[in-house]
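Student: Okay, handing you the structure first.
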Amino acid sequence: MSKRQLAMVMDLNKCIGCQTCTVACKTQWTNRNGREGMYWNNVETKPGMGFPKKWEEQGGGFDANGNLNEGVVPSRYNDYGVPWDYNAAEIMKAAEFKAQTEPRGGPNWDEDVGAGDFPNSYFFYLPRICNHCSNPSCLAACPREAIFKRDQDGIVLVDLARCEGNRMCIAACPYKKIYFNPKLSKSEKCIFCFPRIEQGLPPACADQCVGRIRFVGYLDDVDGQVHKLVNVHKVALPLHPEYGTQANVYYVPPMSGPRRFDKTGKPIEGSERIPRAYLESLFGPAVHDVLERMNAEVEKRKTGAPSELLDLLIAYKHSDMFRLGKPRPGFKLPVMK
Amino acid sequence: MSARLIALLVVALAPGAWASDAFFATEVVDAVALPQAPSGVADPAWARVPGKAFTLAPQRTLRLNDKLANEALAAPGVSEVLVRAAHVGPALVVLLEWSDGAADLVRDDEVNTYADSAAVQVPVSFGPGLRLPAISMGDEAQPVRLWLQRATKTGSQLSALMAAGFGSSTRQGPATPREGTMAWEAAARRWRAQFSVPLDAKAALVPMSFAVWDGARQERAGNKRLSSWRFVRVPGRTPDAAYVKAMAWGFSPGDLGDPQKGKVLAEAVCVSCHHLPGRAIAPVGLAPSLVDIGVIATPGYLRESIVSPSEVVLYGPNPNQHYDKSQARDPNGAYPNNDGFRWFTVGADGKRTSKMPSFAGFSAEQLGDFVAYLKTLDGKGSTP
């Protein structure tokens, strides 16, 4: 649909769930004007319900024949969650400390809960932004064709002048990454920080990532690290490829980490803490091949042999992770007063 | 074929004796002249204005993708709107009244609720020699003007729009909606909304259609209930006889034939692309569904669609709703759209031609049977 495609690769082995990306995005774009409840970037714990709650069960995307699926628009009260206050005044009079309204959800509602029984419990973090899909189902659903995909970089944007707030896009997005702004009565979403991209800068979430997990570049840029991870080493996979939208955020799947313990507390040799079936449910059957290849690469590196793949994933130089062209001469980031 | 020619053709082909009484009795609201515009829906002046009830059918011609809204469509959704009209100087003031289970208002604290709404639609141009616009928000040759009210805590948001086909509506005037006049009568569980439509100094028979949205049924955008084109007669003016005759085709007993014969014909030729009640063989979205077409379309439009399908080329759904997995992906992984689901082809000159073949070869009798059957599709039929 577009001439070029920007993509992001996120290495889940390095995400520590610090939410710096979430805050970078929020302060840049969504802390005002009816966007307060939106998280264009969120980090959720997997396994878990995520944000909005159980988004994976709310339909959308395309069926196996390439036809748009039906979907559901989540509720603010039940699925996204609304902030609540505590009875701060009353506790000074020895009242029980409690929330003033019943807490029902939030962007990190089930953070660090995960799955599995002690001592074999497990979880990992999954940062999510709009996938700027190659076949976006939000774009396909809009009866007014108010959503478009930019030719020069494949960024998917809502034309707010055409948007009538009908929310068919929200029902259609299987990742639930379009949000309704109830103050403006328009739908809004991650814009891949296109004003920054146009200045040669990476999106705020990627720039601020303390774990250096995010690579940003064009898929067809053969010297770029995104291209190398996705197309050469083939270790980065889209989330839920079965949704049929050809997502352009790619994830390096989490390697299993520590072994499982047996009843006596001894590690089980060759066991994996995160079930493969669970990873397959997120990243598709290709995840097995990717993990075998990454494990082999680690073993190879242990022998002292060089590994371009591991060097890439270590991300020695932050600036090498972004290939977006040179910033405009004299350009300075605007400073918020 | 030009719009003018079609209108003449429809008149010339109209078989049998013709009387306009039935048309005026069922399709036309007689406006009452008032010295000044009613101040709102509660103005006692409205008590002197008789109303006429029109059937509304759920929009099922084109299926959208909201699961809950589509589930609501499966339940019977046919309802009525009572229309009153007053002629006040250079305007027609129209009062719509309809029943609803509860008042659903615009909210700024929830993101998956929808407000009860109502709209009136009027062609930009109408009169002798001109056909009516497509009921689904007009078409490129015949655009429409629309006025929309969405219920709020204090009344309603009123927007003026123009459109030239499904999905093309564009707001006119100020970006922020003005305050409209819409009021909920809790005891009767009825909405009333007043609209003001500018009136040409000569117009005597004004085509108008109506739509309402029930927020509780997740209705918004194309998920709504609508009427076919109806008319408001301006008091003291005489409608052009030829225009009345063209608009009224299909409302006299002699115009239409045997719906049973028409059903046999329709089930033989239509179902490979269209859905008929209980007969859904074609993939969803391949062509307009006809399950409610009798409520939504006028007999003249149905006849024209069969004889000359490219006179009005419906735009259809967003072309990206279906992609073609048998084709190669582009370098970014995107599949091309499946143009099999487009309702038209585009020529080298950019002109759209409907994919529906013309059935101009049918006899006048067969056409009458066909339209008679399609007019029986009253929105109560099962969804495929």
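The values are calculated or read from the model by the stated rules, or taken from the named source; none is laboratory data. Please read these numbers as outputs of a predicted model, since none were measured by experiment. Ideal geometry is used to build each Cβ from the backbone, glycine not excepted, and the neighbour counts take in all protein chains shown. Ligands, DNA and RNA are stripped out before the accessible areas are found, and what is left, the full protein with its side chains, is counted by its heavy atoms. Shrake-Rupley method; radii C 1.70, N 1.55, O 1.52, S 1.80 Å.
Student: So, counting K/R as plus one and D/E as minus one, what does the shell of residues with Cβ under 12 Å around residue B:190 add up to?
Tutor: -3
Student: Take peptides B:131-139, B:237-245, B:305-313 and line them up by average Cβ neighbours within 10 Å, highest first, as a rough protection proxy.
Tutor: Listed from highest to lowest mean packing, they are B:131-139, B:305-313, B:237-245.
Student: Just give the residues from region A:174-195 buried by at least 20 square angstrom of accessible area in the all-chains context relative to the isolated chain, probe 1.4 Å, and say none if nothing qualifies.
Tutor: Going by heavy-atom accessible area, the residues of region A:174-195 that drop by at least 20 Å² are A:180, A:182, A:183.
Student: How big is the gap, in Å, between the Cα center of region B:330-348 and the Cα center of region B:66-103?
Tutor: For region B:330-348 versus region B:66-103, the Cα centre distance is 37 Å.
Student: Could you tell me the distance between the Cα centroids of region A:219-273 and region B:306-320, to the nearest Å?
Tutor: That distance is 47 Å.
Student: Looking at B:28, B:156, B:208, which one has the Cα that reaches farthest to the positive end of the dipole of region B:26-240 (charges on Cβ: Lys, Arg +1; Asp, Glu -1)?
Tutor: Comparing the listed Cα positions along the dipole, B:28 ranks first.
Student: Ratio to report: Rg/Rh of the protein assembly as shown, with Cα atoms as the point set and Rh obtained by the Kirkwood method; give two decimals.
Tutor: 1.04
Student: At 7 Å along Cα-to-Cβ for each site, give me the label-to-label distance between residue A:271 and residue B:358 in nm.
Tutor: Placing both labels 7 Å beyond Cα along the Cβ direction yields 7.7 nm.
Student: Please report how many Lys pairs in region B:26-240 have alpha carbons closer than 26 angstrom, counting only residues at least 8 apart along the chain or sitting on separate chains.
Tutor: Lysine pair count for region B:26-240: 4.
Student: Can you compute the helix-only [θ] at 222 nm over chain B? Use -39500 (n - 2.57) per DSSP H run of at least 4 residues, normalise by all residues, nearest 500 deg cm²/dmol.
Tutor: -5000 deg cm²/dmol
Student: Further question: Just in region B:90-150: which GluC sites (Glu not before Pro) are loop by DSSP and have at most 16 other Cβ atoms within 10 Å?
Tutor: B:110, B:140
Student: Another question, then. For residue A:184 and residue B:365, FRET efficiency with R0 = 41 Å and r from the beta-carbon atoms, rounded to 0.05?
Tutor: 0.15
Student: Along the charge dipole of region B:26-240, which of B:86, B:58, B:196 sits closest to the positive end, that is, farthest toward it, with unit charges on the beta carbon of Lys, Arg, Asp and Glu (+1, +1, -1, -1)?
Tutor: After comparing all options, I get B:86.
Student: If you don't mind, there's one more thing I want to ask. With labels modelled as points extended 7 Å from the Cα through the Cβ direction, what inter-label distance (nm, one decimal) is found for residue B:241 paired with residue A:310?
Tutor: For residue B:241 paired with residue A:310, the spin-label model returns 9.7 nm.
Student: What are the aspartates and glutamates whose alpha-carbon lies under 15 Å from the alpha-carbon of residue B:261, with same-chain residues fewer than 8 places away excluded?
Tutor: B:365, B:369
Student: Could you check which residue among A:210, A:232, A:252 shows the biggest mean-square fluctuation in a GNM of chain A with a 10 Å Cα cutoff?
Tutor: Residue with maximal mean-square fluctuation among A:210, A:232, A:252: A:232.
Student: With contacts defined as alpha carbon pairs under 8 Å and 6 or more residues apart, what's the relative contact order of chain A in percent?
Tutor: 23 percent
Student: Please build a GNM for chain B, connecting alpha carbons under 10 Å apart, and tell me which residue among B:148, B:82, B:96 fluctuates the most.
Tutor: B:82
Student: What percent do you get for the relative contact order of region B:53-133 when only Cα pairs under 8 Å and 6+ apart count?
Tutor: Dividing the mean separation by the residue count of region B:53-133 yields 19 percent.
Student: Rounded to the nearest 100 Å², what is the buried accessible area between B and A, both sides summed, probe 1.4 Å?
Tutor: Approximately 3600 Å² gets buried when B meets A.
Student: P(r) tail for region B:26-240, what percent of Cα pairs lie past 32 Å?
Tutor: That fraction is 13 percent.
Student: Summarise the partner chain shielding of B:317-329 as one whole number: the mean count of Cβ atoms from other chains within 10 Å of each residue's Cβ.
Tutor: 6
Student: Which helices of chain B meet both criteria: a Cα extent of 27 Å or more along the helical axis and a mean Kyte-Doolittle score no lower than 1.6, with helices taken as whole DSSP H segments?
Tutor: Result, helices passing both filters: zero.
Student: With each run of n ≥ 4 DSSP H residues scored as -39500 (n - 2.57), what mean residue ellipticity at 222 nm is computed for chain A after dividing by its residue count and rounding to the nearest 500 deg cm²/dmol?
Tutor: The helix contribution divided over chain A gives -4500 deg cm²/dmol.
Student: Other chains near A:143-153: what is the mean number of their Cβ atoms within 10 Å of each residue's Cβ?
Tutor: 3
Student: How do B:33-39, A:165-171 rank on mean C-beta neighbours within 10 Å, highest first?
Tutor: Descending mean neighbour count gives A:165-171, B:33-39.
Student: Using only atoms on other chains, find how many Cβ atoms lie within 10 Å of each Cβ of peptide B:61-74 and report the average.
Tutor: Mean partner-chain Cβ count within 10 Å for B:61-74: 4.
Student: Full extension from residue A:292 to residue A:86: what is 0.36 nm times the residue separation minus their Cα-Cα distance, to one decimal in nm?
Tutor: Answer, rounded to one decimal: 69.3 nm.
Student: Now for a separate question. Would you please give the FRET efficiency between residue A:93 and residue B:68, computed as 1/(1 + (r/R0)^6) with r the Cβ-Cβ distance and R0 = 35 Å, to the nearest 0.05?
Tutor: 0.15
Student: Determine the percent antiparallel among the DSSP beta bridges restricted to region B:26-240, to the nearest 5.
Tutor: Percent antiparallel among DSSP bridges in region B:26-240 is about 90.
Student: Let me ask something additional. Where the centre of each part is set by its Cα atoms, how far does region B:128-162 sit from region A:107-149, in angstrom?
Tutor: Centre-to-centre (Cα) distance: 38 Å.
Student: If you rank A:85, A:207 by how much accessible surface each has, with a 1.4 Å probe, what is the order from largest down?
Tutor: Sorted descending by solvent-accessible area, the residues read A:85, A:207.
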